[in-house]
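Nothing in this text is a laboratory measurement; each read-out follows from the coordinates by a stated rule. Just so you know, these numbers come straight off a predicted model, no measurement behind them. Here the Cβ is made from the backbone with ideal geometry for all residues, glycine too, and neighbour counts use every protein chain on show.
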Amino acid sequence: MAGEEKMLIAGEWCNADGGETMDVNDPSCGAVIATVPRGGVTDVERAISASRAAMASPEWTGLDPAGRGRILQKMAHSTYAAAKDLAKLESQNNGKTFREALSEIRYAAWTLEYFSGWADKVEGSTIPVPGNRLNYSLRQPLGVTAHIVPWNFPLQLAIRSIAPALAAGCSVIAKPASLTPLSLLAWAKLVEEAGLPSGVLQVITGPGGEVGEALAGSPDVDGIVLTGGVSTGKAVMKKASENLIPVTLELGGKGANVVFADANLRYCAKAVCFGIYMNAGQMCWAGSRLIVHEDVAEELVEKIKAEVGKWQIGAGLSEGVRIGSMVSKSHRQSVIDLLEQGLAQGGELVLGGGCPDGDLADGAFMEPTIVCGVGRDDLLFQQELFGPVLAVTTFSSEEEALELANHCDFGLLNGVWTQNLGLAHRMARDLQSGMVSINEFPITFPQTAFTGWKASGIGVEQSADAMRFYTRVKNVNVNLG
């Protein structure tokens with residue numbers, strides 16, 4: 001029997017105001033595993049009211065910043081301790097492998113640890129100005145922040161923005177994706193004993209078109225953080241602009257691994273597989289384009305095929321599985337439809353392209369796929385599929401490689417593979433993306449900026465730069481008389 005979950009508003013675990021619920025499925029078999037409240041506008045209004053009350057309460061705003069840090073440390077400790085249980089739930093709800101989910105939960109705990117150290121290090125500055133004056137700046141909490149969380153890394157990406165918001169002294173309203181709300185709800189229960197005052201952290205479930213839109217359009221929200229698709233980001237930004245609300249948008253990607261002839265192809269092949277087949281390719285930072293020197297293209301593709309051939313497909317909690325289910329059959333179909341449109345433009349399907357049958361037929365599984373000979377203006381080169389599809393394009397010169405890599409509307413993470421130090425740094429300098437990784441892919445850390453250029457987004461997640469979004473500057477001028 002499916003469990004009946006509640007959402008967290010104003011310090012209480014509650015149902016939606018209208019009493020409606022939504023089913024939550026296990027995409028590996030289609031079974032309903034839980035129901036959650038189908039929140040609406042009145043629930044959003046209640047959450048915002050509680051969040052604003054928390055920002056007016058000395059219990060939170062008067063707390064020593066080091067005290068906020070200690071709360072985050074407790075949250076990190078609880079997350080580490082429950083990592084396996086949270087990972088099992090994540091795997092069951094999202095479809096990803098337990099191995100991947102466990103790594104993500106531990107990364108989330110590390111993120112809480114990192115930002116706990118920032119809580120008492122948000123500093124202002126004194127500024128030399130003319131005359132007998134003292135001039136200084138303060139950095140103060142932004143206020144009520146709304147966090148619209150995606151379904152591909154449900155808990156990790158929620159905590160990625162929740163941690164700096166709390167460290168800065170903001171209050172948080174988090175809306176998980178309708179498909180994958182369970183891990184965030186479970187985590188919110190887990191960290192209740194950490195000491196956050198009522199209303200500082202709230203989790204509201206419901207459809208994005210209703211709950212997310214109400215959050216984005218509210219004049220009583222001070223900042224909005226979204227990880228999602230470009231069209232969703234534009235819609236949220238448009239709503240936020242009506243009230244001049246700042247946004248951080250981490251959107252799509254079409255990352256390229258640019259592989260030169262002197263690269264370590266064996267290691268590169270493993271990283272390429274990890275970068276496109278992990279999480280069944282459902283990643284904004286996926287390396288979905290392989291731009292490889294013509295002299296080593298055939299050899300590298302064969303090594304990639306051999307490597308991914310070892311990766312077992314199956315339910316995420318099954319032993320030895322390396323590629324889990326996609327998040328839903330409808331999303332898988334959208335990927336297959338785009339793949340078929342792309343193949344109609346050209347290119348050679350050299351691996352996969354279909355769905356496993358037999359015992360896996362009831363789940364949302366898709367085979368790891370490789371298409372060679374993809375042209376620079378083809379759909380498979382330009383458009384984010386958000387699935388396990390690798391598009392292969394060859395080049396003959398450094399200039400052509402750079403031009404191909406930048407010939408895309410997205411600019412999130414690109415990889416460079418070469419033993420030539422000068423070449424590596426030239427590429428890193430000239431690639432039009434917020435992140436570049438040399439001789440490994442993909443990789444990030446809580447202390448490093450996760451940021452996109454072009455259509456990949458606005459603002460920065462992770463690192464000290466994230467703290468700047470959750471604080472605002474106030475300048476004070478004192479005439480000393």
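Worth a mention:
- In this structure, the amide hydrogen of Ile245, modeled 1.01 Å from its nitrogen in the peptide plane, lies closer than 5 angstrom to no residue at least 5 positions away or on a different chain.
- Normalised by residue number, the volume inside the convex hull of the Cα atoms of the chain is 153 Å³ per residue.
- Span from the segment 120-145 Cα centroid across to the segment 350-378 one, whole angstrom: 54
- Separation in nanometres of the label points that stand 7 Å from Cα toward Cβ, at Glu340 and Asp465: 4.1
- Note, ³J(HN,Hα) from phi for segment 231-247, Karplus 6.51, -1.76, 1.60, rounded to Hz, x at Gly and Pro: 5, 5, x, 5, 5, 5, 5, 5, 5, 5, 5, 5, 10, 6, 8, x, 10
- Estimated FRET transfer efficiency (Leu349, Cys29; beta-carbon r; R0 45 Å; 0.05): 0.95
- For segment 40-45, 3J(HN,Hα) computed residue by residue from phi via the Karplus equation (6.51, -1.76, 1.60; θ = phi - 60°) reads x, 4, 5, 5, 4, 4 Hz, glycine and proline entered as x.
- Long pairs among Lys84/Lys303; Lys238/Lys474; Lys96/Lys254; Lys6/Lys88; Lys88/Lys175; Lys175/Lys239, criterion Cα-Cα beyond 23 Å: Lys84/Lys303; Lys238/Lys474
- Close amide H contacts of Arg38 (hydrogens built in the peptide plane, cut-off under 5 Å, sequence separation of 5 or more or a different chain): Ala16, Glu20, Thr21, Met22.
- Under Karplus coefficients 6.51, -1.76 and 1.60, residue-wise ³J(HN,Hα) of segment 69-74 in Hz, glycine/proline x: x, 5, 4, 5, 4, 5
- Proximal aspartates and glutamates relative to Lys310, as straight alpha-carbon distance under 15 Å, when same-chain residues fewer than 8 apart are discounted: Glu302, Glu319, Glu367
- Gain on full stretching of the segment that runs from Gln419 to Glu298 - 0.36 nm per residue minus C-alpha separation: 41.6 nm
- Residue exposure sequence - Asp43, Asp17, Asp85 - by fewest surrounding Cβ within 10 Å: Asp85, Asp17, Asp43
- In straight-distance terms, cross-link reach from Lys234 covers every one of the aspartates and glutamates whose alpha-carbon lies under 17 Å from its own, apart from those fewer than eight places away in the same chain; here that gives Glu210, Glu213, Glu242, Glu250, Glu384, Asp409.
- Environment charge at Gly11 (Cβ cut-off 15 Å; Lys +1, Arg +1, Asp -1, Glu -1): -1
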